Amino acid sequence: MADEPTIARVALDVPLPEPFDYRLAEGWRPAPGDWVIVPWGTSRRVGLVVGLADSSDVPPERLRALEAPLAGMPRMPAHWLGFVEFGARYYHAGIGELALPSVPKLLRAVPTARSRGAPTGRARSRFDAIAAPPGGLTADPVPGHPPNDEQAAALAAIESVAGHAVHLLFGITGSGKTEVYFRWLEHRLASAPDAQALVLVPEIALTPRLADRIRERFPAHPLAILHSDMPDAERAAHWLAAAEGRARIVLGTRLAVLAPLPGLAAIVVDEEHDASFKQQEGARYSARDLAIALAARRGLPIVLGSATPSLETWHAVRRGRYRMATLKLRAGGAALPKVVRVPLRGAKLRQGLTETAIAEVEATVARGEQALLFLNRRGYAPVLTCGACGWLSKCDQCDAYRVMHRIGGPPRPDEAESAGPRSRYRLVCHHCGADQRVPRACPDCGNIDLAGLGRGTQRLEEGLQALFPNARIGRVDRDVARHRGAAEAVIDAAHAGEVDLLVGTQMLAKGHDFRRLTLVVVVDADGGLFAADFRAPERLFATLMQVAGRAGRHHAASRVLIQSRHPDHPVYAALAAHDFERFAADQLAEREAARLPPFVHQALLTAQAKTAEAAEGFLAQARDALVAGDTLPPIGREVLDALTVCDPVPMPLAQMRGEARAQMLVESASRNVLHAAIGPWLAGLRAQRTPVRWQLVIDPHEI
Ligand code: ADP
Ligand code: ZN
Ligand code: ZN
C-alpha cells in the first residue's frame, strides 16, 4: 500500500454483505482482527476490524471515526479472519452477520461506565474455576475400553494420513465411535503442548453427557463448552478460554465452528448427517460443511461420524474425495435389534397400538426391561375436529392446523371425564405460536362435540397409562424440555431404572445409552414416507435407524417394531435389513436420475410478503433479471447455459405468521458456475427497494 491507511473496515452484526468504513482515530491504529467500538446511528456498537484501507467510497463528510478499542478481547488471528471471510463469501452473507452472533453477547457489549473492561477479566478467572473436573486437573483419567479389532483398524486408517483429510467414520449405532474419537483425540492432543480439539454435536441436549465422558477421559485437558443455552457469564468464560487456547477440548453445537481456536489440531463432527448442523436463521451456514472447509484451510484431519451418513458425504466417499473407516459390529458384543414390521391395515388398535405391540410391551415390562415408544409428534392430538360438520382447527395465520395440547400432567383416573376438555386443553400453532383456548362449540355449526383427531405424545402417554396402570412412564419432548432440567430428570430416571416405558419424539432418538432398553416401538412414522421434500426418505431412514439403535445396546436379544400402513416400503425394508448401503445406493441412483443434490448444487431464493402475488412477483422479477444475463455484465453466456433457474412456487408452508411465502430454486452441476452467477445477481437484488422480505440460502436443506 502506497499511502498510510486512514480507513478501518469494520464488520458489524447486521444483515448486510459489506463491512462498514470508519475513519481511523487520531494516534491509534487498530489491526485486522481487533475489536472496536464504533458510532452507529445515535448509539454505539462493537465491531470487528476486518481490514484497513487508504480510501473509502463513502464521501468524507459522511465518514465517522472509530471511537475506541474494546478492552480485554483477544485479537482475532489471521487464519480465523481468512476462514470467516471464506464462509461469508460462500454463503453470500456478511462477515459480521455470519461470525459475530457466535461471539457471546457479554463480550461484544458496548461497555458502560460501570462495566468497562470488567466482563472479560471476570470471565477468565471464572473459566479456570469451572474447567477443572470434580477431581481437579490432576485426577486420573478413567481409561476407555481396550479397542476391539474394528476400532483399532479404524483408528489406524484415520491416522495413516498426514495433514488434511476428511474421514467418514461409518459405524452402526453402538459400534463404539466415541471410543475411536477419544483415542484419536488423545493422540492429536499429545502432538503439541497447545493442541486443541473441536468436537461438534448437532444438539445442545447431547452436550452434558458427552462433556461428562470427555472430562472423565481427559481430566488434564480443560474443556470448554459452546452453545447458545448457557448463562451469559459462563458462555463468555468458555468462549474466551477457547479463543485464548486455554481450553484444550472444545465441545459445542454449530456455532462452535466459528470460534477462533489458535491451537486447533483435530475436528470431530458427530452425527454429521443431522439437519441441525444447518443454521436456520441469519446467515444459513452448515456447520458440518464449514468444519470441513476449516480443516482444509488449516491442513488438518477431520472425522465425520455417523451410522447413517448424509448422501452428500456418502457420495464424496464413493468419488474418493473423503476416506472411510467402517465399524460393522456393536462394541462389547451386543447384537443389533431385530426389526419387525407390523402392518396397521386391518389391525385392531387400542390407544394407537396393535395387539402385537401391546403384547411385546407387556412382556418387556414383565421381564423388568424398558421399552421406548417413538412418536415424532408432540402435543395431545394434531388437530381438533367437529364430528358434525368436519370443521378442523386450522391456524388463521399459517397453512397448518393448531395442535391440541394438554395443560399439566395426565388426568387422575377419577377426574378423567368430569374435568371436561375445555379447561384442560389449548390449541397451539407450532409455526406462529398462536395459543388459544379450545372453543366451547364448533365455530362453524355450533356443535359442542369436538374431539382431537390422531395422537401426539401426550395422548400416547395417557393411553399407555390406561393399558399398563402399574407401569412407570416417562415422556420426553420439547414441551417437557421447556422446563429447565425436566427432560434431563426423566432421562436420568430412565438410566436409574425408575422408568419402565419411555415415550418420546426425536429428542429421545439421539445419543442415549439406556442399559435396560430392549424394545422400541415406532408408533406411526408413515407421514415421513410421502412428504414432498426429496430428502424426506433420507431423514426418515436416519431417524428410525437412530431410534432403533437405542434398543439392546447391552443385551443379546432386542426388538424394534415398526407399525405401518406400508410395511413393504423400501425405506422400511432397508431398515429391517439394517442395510444403509443399499438404501444409500438406491437413493443416490434416484437423485442422479432426477438431477438432485448431490449431483447438482442449489441455491434457494425465498420471499415473504403480504400476498402470494407480491412474493411470487418479486421472485419472477428476480428470475427474469438472472435469465436476461446481459444486465449483469460479469456473467457470461456460458455460465447461464450451465444454470437452471426454476419458476417461483409457493413454499411447502405457503402461509406463515400471516405472510405468504414463495421460493425459487437456482441450480447448476458446477458449484463455481452457481456462485459466479449468484454474486452479481444478489448485488442487483440488494440494490432494489422492495417491501418483500427475501433471503438466499446456499445448499438449502428443506425445499
Ligand atoms: P456409538 O457412538 O457408535 O453409537 P458408543 O461409542 O456410545 O457407540 O459405544 C456404545 C457402547 O459400547 C458404550 O457403552 C461403550 O462404552 C461400549 N464400548 C465401546 N468400545 C468398546 C470396546 N472396545 N469394548 C467394549 N465395549 C465398548
Ligand atoms: Zn361443526
Ligand atoms: Zn400459526
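The values are calculated or read from the model by the stated rules, or taken from the named source; none is laboratory data. Remember, it's a predicted structure, so these values are computed and weren't measured experimentally. Please note: Cβ atoms are built from the backbone with ideal geometry, for glycine as well, and neighbour counts cover all protein chains shown. To get the accessible areas, we keep the full protein, side chains included, count just its heavy atoms, and leave off ligands, DNA and RNA. Shrake-Rupley method; radii C 1.70, N 1.55, O 1.52, S 1.80 Å.
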*Any idea which of (1) within 16 Å of ligand 3 (Cβ to nearest atom); (2) open to solvent by less than 20 Å² (accessible area, probe 1.4 Å); (3) touching a Cys at 6+ places or on another chain (Cβ under 7 Å) is the one HIS431 doesn't satisfy?*
(2)
_Quick check on segment 308-331: of everything there that is of a type outside the set (D, E, K, R) and assigned to a loop (DSSP other than H, G, I, E, B), which residue is nearest to ALA165 (Cα to Cα)?_
TYR322
*Mind listing just one residue for me: the one in segment 353-364 that is assigned to a helix (DSSP H, G or I) and in contact (Cβ under 8 Å) with a residue 12 or more places away in the chain and, of those, most open to solvent (accessible area, probe 1.4 Å)?*
GLU362
*Of all residues in segment 93-112, which are within 23 Å of ARG298 (Cα to Cα), in contact with a strand residue (DSSP E or B) (Cβ under 6 Å, 6 or more places away or on another chain) and assigned to a loop (DSSP other than H, G, I, E, B)?*
none
*Within segment 24-77, work out how many residues are open to solvent by 50 Å² or more (accessible area, probe 1.4 Å), closer than 17 Å to ALA243 by Cβ and touching a Pro at 6+ places or on another chain (Cβ under 9 Å).*
3
*Among the residues of segment 491-504, count how many are modelled with pLDDT of 95 or more and of a type in the set (Val, Ile, Thr).*
2
*asked:* Can you tell me which of (1) over 29 Å from VAL560 (Cα atoms); (2) out of contact with any strand residue (DSSP E or B) (no Cβ under 8 Å at 6 or more places or on another chain); (3) modelled with pLDDT under 95; (4) not in a helix (DSSP H, G or I) is the one PRO439 doesn't meet?
replied: (2)
*Residues of segment 277-307 being part of a helix (DSSP H, G or I) and at pLDDT below 95, which ones?*
none
*Just to be sure, is GLU216 among the acidic types (Asp, Glu) and either touching a His at 6+ places or on another chain (Cβ under 6 Å) or within 15 Å of ligand 1 (Cβ to nearest atom) (or both)?*
yes
*Sort through ALA243, ALA256 and tell me the only one that's under 18 Å from ALA211 (Cα atoms), open to solvent by less than 20 Å² (accessible area, probe 1.4 Å) and among the small types (Gly, Ala, Ser).*
ALA256
_Subset of segment 365-390 (residues that are open to solvent by 40 Å² or more (accessible area, probe 1.4 Å) and within 16 Å of ligand 2 (Cβ to nearest atom))_ = GLY387, ALA388, CYS389, GLY390
*Given the conditions (1) under 26 Å from the mean Cα position of the chain (by Cα); (2) within 16 Å of ligand 2 (Cβ to nearest atom), report the number of the one that ALA536 does not fulfil.*
(2)
_For segment 669-690, give me each residue that is open to solvent by 60 Å² or more (accessible area, probe 1.4 Å) and farther than 16 Å from PRO15 by Cα._
ALA669, ARG671, ASN672
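One line per residue, one yes/no per condition, for (1) touching a residue at least 24 places away in the same chain (Cβ under 8 Å); (2) away from ligand 1 (no atom under 16 Å from the Cβ); (3) not in a helix (DSSP H, G or I):
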| residue | (1), (2), (3) |
| --- | --- |
| ARG582 | no, yes, no |
| ALA607 | yes, yes, yes |
| ALA614 | yes, yes, no |
| ASP624 | no, yes, no |
| VAL639 | yes, yes, no |
| ASP647 | yes, yes, yes |
*Candidates ARG341, ARG345, filtered to the one that is part of a strand (DSSP E or B), open to solvent by 40 Å² or more (accessible area, probe 1.4 Å) and away from ligand 1 (no atom under 16 Å from the Cβ)*: ARG341
*asked:* Contact list please: Cβ distance under 7 Å, first residue in segment 147-175 and more than 16 Å from ligand 2 (Cβ to nearest atom), second residue polar (S, T, N, Q) and modelled with pLDDT under 95, pairs at least six apart or on different chains.
replied: THR173/GLN546
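Tell me whether segment 694-703 contains one or more residues that are β-branched (Val, Ile, Thr), closer than 21 Å to ASP289 by Cα and either at pLDDT below 90 or open to solvent by 60 Å² or more (accessible area, probe 1.4 Å) (or both).
Yes: one or more hits.
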*Of residues in segment 393-421 being within 16 Å of ligand 2 (Cβ to nearest atom) and open to solvent by 40 Å² or more (accessible area, probe 1.4 Å), the one modelled with the lowest pLDDT*: PRO421
*Could you check how many residues of segment 585-603 are open to solvent by 20 Å² or more (accessible area, probe 1.4 Å), part of a helix (DSSP H, G or I) and of a type in the set (D, E, K, R)?*
3
*Qualifying position, being touching a Phe, Trp or Tyr at 6+ places or on another chain (Cβ under 8 Å) and among the β-branched types (Val, Ile, Thr), among ILE249, ILE267, ILE204, ILE292*: ILE249
*Could you grab me the full set of residues in segment 167-204 that are of a type in the set (S, T, N, Q), farther than 26 Å from ARG330 by Cα and open to solvent by less than 10 Å² (accessible area, probe 1.4 Å)?*
GLN196
_Filtered residues of segment 435-464 (kept if among the polar types (S, T, N, Q) and either buried (at least 19 other Cβ atoms within 10 Å of the Cβ) or within 12 Å of ligand 2 (Cβ to nearest atom) (or both))_ = ASN447, THR457, GLN458
*If only one of ALA451, ALA493, ALA509 is small (Gly, Ala, Ser), within 16 Å of ligand 1 (Cβ to nearest atom) and closer than 28 Å to THR354 by Cβ, which one is it?*
ALA509
